[in-house]
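The values are calculated or read from the model by the stated rules, or taken from the named source; none is laboratory data. Note that the structure is predicted; figures quoted are calculated from it, not measured. A quick note on method: Cβ atoms are made from the backbone with ideal geometry, for glycine too, and the neighbour counts reach across all protein chains shown. Heads up: the accessible areas ignore ligands, DNA and RNA and are worked out on the full protein's heavy atoms, side chains in. Shrake-Rupley method; radii C 1.70, N 1.55, O 1.52, S 1.80 Å.
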Amino acid sequence: MYAKWKYTWRSETPRESHIHVDGAIFDVSKGCLIDGEFWLPTEAINCKCDFTPVIPELNDDIEKEIE
């Protein structure tokens, strides 16, 4: 399953790395690569990011878009 990272702008101390990956598509089983580590939204302390599920359609090359 894939998802698209959504930076929500709700944090009082925004992380530039989370802003940078806004819109990135990642494999939910691994997480999104941020600062050399794989993270899921809200997994890091004070992270208020979210995600939207991505459902690949037939003939989509989603692997080319993965971070």
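Worth pointing out:
- Accessible surface of the chain, 1.4 Å probe: 50 percent of it comes from carbon and sulfur atoms.
- Projecting label points 7 angstrom from Cα along Cα→Cβ for Asp22 and Glu43 puts them 2.2 nm apart.
- 1.4 Å probe accessible area per residue over the chain, in Å²: 73 Å²
- In sequence order, calculated HN-Hα J values of segment 30-44 (Karplus, 6.51, -1.76, 1.60; Hz; x Gly/Pro): 10, x, 9, 6, 9, 6, x, 10, 8, 10, 9, x, 6, 6, 6
- Where N is the number of residues in the chain, Cα Rg divided by 2.2 N^0.38 Å: 1.10
- Dipole magnitude (debye, nearest 20) for the chain, charges at Cβ of Lys, Arg, Asp, Glu: 280 debye
- Gain on full stretching of the segment that runs from Ile55 to Lys30 - 0.36 nm per residue minus C-alpha separation: 7.3 nm
- Summing +1 for each Lys or Arg and -1 for each Asp or Glu among the other residues whose beta-carbon sits under 12 angstrom from that of Cys49 gives +2.
- Mean ellipticity per residue at 222 nm, deg cm²/dmol - from DSSP H runs of n ≥ 4 across the chain, formula -39500 (n - 2.57): -1500 deg cm²/dmol
- GNM result for the chain, Cα springs below 10 Å: residue of Asp22, Asp50, Asp35 fluctuating most strongly: Asp35
- For segment 9-25, putting each phi into the Karplus relation 6.51 cos²θ - 1.76 cosθ + 1.60 with θ = phi - 60° gives couplings of 6, 8, 7, 6, 10, x, 9, 4, 5, 6, 5, 4, 8, 3, x, 6, 9 Hz, in residue order, rounded to whole numbers and with x for Gly and Pro.
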